[in-house]
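To start, the structure itself, in structure tokens.
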Amino acid sequence: MLGAAKRLPIYWKVTSAIVATTVCVLMGSYAGFVMLETQSFRQELLADRQGFAEVTAQNVSAALVFDDKPSIDRNLESLKGVSDIQAAYVVDTDGNVRGKYISTALPLDVERTPVALPFDRTLGASLRGAFAVQTPIKADGKVIGALQVRVSSERLKNRIARYQRLAVVVLLFALAISWFLARSVAGLISVPIARLNEAMTHVRGERDYNRRVDLDAEDELGQLADSFNAMLTEVAQRDATLEETVRERTEQLFLSTEKAKAASRAKSEFLANMSHEIRTPMNGMLGMTELLLQTELTSRQRDLANVLMSSGASLITIINDILDFSKIEAGKFKLVDAPFNLREAIDDVVSLVAGTTEEKKLELVVRYQPDLPEAFVADGGRIRQVITNLVGNAVKFTDEGSVRIDVTGQIRQDKARVHIAVTDTGIGISQDKLSRIFEKFEQADGSSARRYEGTGLGLSISRSIVELAGGTLNAKSVEGEGSSFFFELRMPVAKMDMEINMPQSAMEGLRVLIIDSKDQTRDVLDELITSWGATVDTAVDGERAIKAMTRDPRPDIVIADFDLPDMDGDTLCARMREDDLLTDKPLVIMASPSQIGEQLRDNGRTAFVSKPYRIEPLVRAVGEAMVSAGVEQAQNLADAGRLDEDGNVTPQSPNGTDEGAQPEKPTGDGVRILIAEDNRVNQLVVTNMIAGLGFEIEIAENGRIAVEKFIENKPDLIIMDVSMPEMDGLEATKAIRAYEREHEFGRVPIIAATAHAMEEDRKRCRTAGMDDYIAKPIRQDAILAKIRKWISDDVAA
Amino acid sequence: MQGPRSERSGRPDGRRVVFVTALGFWLSLGAAAEPERKGNAAAVADVAAFVRWPDTAEYGLSFRLCLRDDDPAFGEFVRERDATVQGKPLTVHSMQPAQFGRMPCHIAYFSPGYADPVILKRLNNQPTLTVSPERGFASHGGLVELNRDGGRLVLVMDRAALPSHPLAFSAQLLAISHQAGE
């Protein structure tokens, strides 16, 4: 109702208000008049009839005193001429009716008796369709009775009915008058408003600020129109100024944008060029150093070459960080989801820092929740990059104690919520720096005399990666006690079989003794081996372990740390082999690479696992121990496809290859490889890396020559640099592919080897027709892996 | 004009009180049973209510009703002493016949047989309302004759004599009265 009233035009609002007001006032006045008139008429009627009653009462007083009923009746009969009086009664003080007069006008349904009223005064009472008027009858000043007359209210009713009929006429008249008034007044208000509204709508719709409203009024509406016109004038003037300003600003903005774009392009080009220009000599430096390390060197020469190699690797890491940071800043950093093995990624990180932890004598512990799947769908490379950064930082900033990696999570409907935490007992971070630690160029040790190197980009990049993956990287730390960096990701569980862990319950019924003095490592191993189904006993030193081994129930397999408090791994092994009861007991020793002795490698009952242990070598070693011990549970491994025909344990790996073994070098007998590379040093690097494997190597100094040699010699594989004079690698590849199509020549694998390390570069290479990509600086194992892959694929094809 | 000797000579106050009480009891019973059947004393008071006395008839603070000292109705009227007539307390006075006309009286009541024509004549032009239940009283110079028609009281008056009388009679009274001699 209120909403409808709000939507009503002003014209109708004013009209309705005036009509309603006028009608209400008129009808109210008329009602008041009628009420007063009716009341007055009633009072007059009653006063008049009361006069008759009083006269009659006086006349009958003597008759009443002397009980002269005929006289009473005679007097009452005189009321017959009064039309309104329907009945009259003379009542004595005892209430006895001493005389009465009943008119023929009295309705039959009315009782022929007076109503009870006090005698001592004249008063009236309303009855149904009548009034009762009673006046006392006095004699000598004393009340001796009363005369009550019943006066019909018919006349009053008739008068009210007449007034009601008249009310309809008055109402119609009021409506007509008010309608006329309302139309006139509403027109005075609404017409100017309508014109103003129409003008405003026109101005708003057409943006026509030259429109004006001409109102012939000097009241508020006239002032409103004047103000509106003035406002339009101001708006028009301001628009004119604003348009000019906007045009100027737009031009400035355009120029600024162009400059910014140009700067951005220049920056990207600079980064690409810088990356390329640095990688090219780095390729030569690292490649040559790697080759140098494969030659006979003195100890000092090898140390120097190793420093050269590690410095180069650090420089590459810095360059990669800068490139990543640049991409993040430009908003071009994207994640590529694919199935990957998280456990293997963590083991890879462990391998990377193993040397450093050994040097610093740190305990590196990996606790991977046993029931958590290993394979997920995410950007495994980037997640590994984050973990590498966190673990690298932890190792870098920890001088003693431990670095621990905890991977836990829950599975819900094929999706995992994986929580990864890296905790160390290092220098820690003060609270004021903790809040800034993820900002770019920030470091925990930001002093000028800092002990720790680094660009300060790693954590910033890691946080960006985690956020892009839908998580949040956080940290908590106590200065001087250590830090913990952790993040949580939601990742789909990969459907494919990528598990490298021991099959569940494979060791059901076996008893394993774990000997390790380090609580964390021992507990993690305990949990891991228990999850494989074995019953685990633990010991903290060698003597206690040997005693435990000679008591029933004896362990089926022993897993021991090399660095026990009371003896080393060699001594433990010797003590076991000397004991008849333990001589055949399989022993798995976890030792640093430098501690693994050659004389024990050939001992079939003793296996060595590098520590910090990786899951895959540990599974293999324990599996081999099971086979060696001849336990029936070895069949579980065979059932799970973990044993080959020769009874060797072959843990599954994502690539279907044995990652624990040294990569097999491809045999290149008769395989012709064309290397398109303009840089002389890089020619030497690549050539030397693949030399001696039987390949027939040919060099092309630029793309044009590469195309010519391809046509001429039909090589089996091409390693193509991208940036080359005369014709770059992309053009050359296109030409080769075109030639292949024209001459129905089989597709030759082309591997891009370029210092252009950006993602866009990789795409450009694939678009041009290249099959694979390897970034400079090229590592020998990487280039050999690529060659092996494409040669074998080619052979298979 | 006959009446009990004892009332004329006056009886001791104790016996008189008993008589008046008994009379009052009888009257009250009668009034309760038939309210219209009033005694003559009450009827006289009622008649007085419709008569207006001239200003010359101001005899002090009371309304004086006179009876002959030998009138037997004295006791009945004594009971009416507490009544109020014309706004004044009714006082009942017993006097010798010779005193009528000499002593002020608003009303002179005569029981049947006690209306002496001499007395009536003496009172004829005086502002004294003469009342008697004696038959023919109005025809013989009395102003109001109280007749009984069954139980109902009927007033008989000589209307012709009234206009010249010092007392003024209300129209209502005249309207319900009967003409003497009819």
Please arrange A:L564, A:L291 by counting, for each residue, the other beta carbons lying within 10 Å of its beta carbon, fewest first.
A:L291, A:L564
For region A:113-185: span of alpha carbons on each principal axis (Å, largest first):
72, 23, 15
Compute the Cα gyration tensor for region A:366-424, then decide on rounded, prolate or oblate, letting a ≥ b ≥ c be the square roots of its eigenvalues: rounded whenever a/c is under 1.5, prolate when a/b is larger than b/c in the other cases, and oblate in all that remain.
oblate
Unpartnered cysteines - no second Cys beta carbon under 4.7 Å - across the protein assembly as shown:
A:C24, A:C573, A:C765
On the Cα set of chain A, report Rg and Dmax in Å, please.
55.8, 170
Cα Rg, Dmax (largest Cα-Cα span) when computed across region A:209-327, Å:
34.8, 110
Given the alpha-carbon gyration tensor of region A:272-371, what are the semi-axes of its equivalent ellipsoid in whole angstrom, ordered largest first, with each equal to the square root of 5 times an eigenvalue?
28, 26, 12
What ranking do B:S94, A:S430 get, fewest neighbouring Cβ atoms within 10 angstrom at the top?
A:S430, B:S94
With viscosity set to 1.306 mPa s and temperature to 10 °C, compute the Stokes-Einstein D of region B:26-182, Rh being the Kirkwood radius across alpha carbon pairs; µm²/s, no decimals.
102
Cross-link partners of A:K709 among lysines (Cα-Cα below 18 Å; sequence separation of 8 or more within a chain):
A:K734
Those GluC sites (Glu not before Pro) from region A:333-429 that are DSSP loop and have at most 16 other Cβ neighbours within 10 Å turn out to be A:E400
Cα-Cα over 18 Å: which of A:K334/A:K789; A:K261/A:K334; A:K261/A:K327; A:K476/A:K518; A:K361/A:K518?
A:K334/A:K789; A:K261/A:K334; A:K476/A:K518
Rounded to 5, the percent of DSSP beta bridges in the protein assembly as shown classed as antiparallel:
55
Less than 14 Å Cβ to Cβ from B:A180, Lys/Arg counted +1 and Asp/Glu -1: what total charge do the surrounding residues give?
-2
Nearby lysines by direct alpha-carbon distance to A:K80 (threshold 27 angstrom, same-chain neighbours under 8 apart not counted):
A:K69, A:K100, A:K138, A:K157
dims of region B:98-138, Cα set, principal axes, largest to smallest, nearest Å -> 25, 16, 15
Loop-resident trypsin sites (Lys or Arg not before Pro) in region A:90-182 with no more than 13 other Cβ atoms inside 10 Å, DSSP not H/G/I/E/B, are A:R112, A:R121, A:R128
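Since every read-out is calculated from the coordinates, none of them should be taken as a lab result. Everything quoted here is computed from the prediction, not taken from an experiment. Every residue, glycine among them, receives a Cβ derived from its backbone with ideal geometry; neighbour counts consider all protein chains shown.
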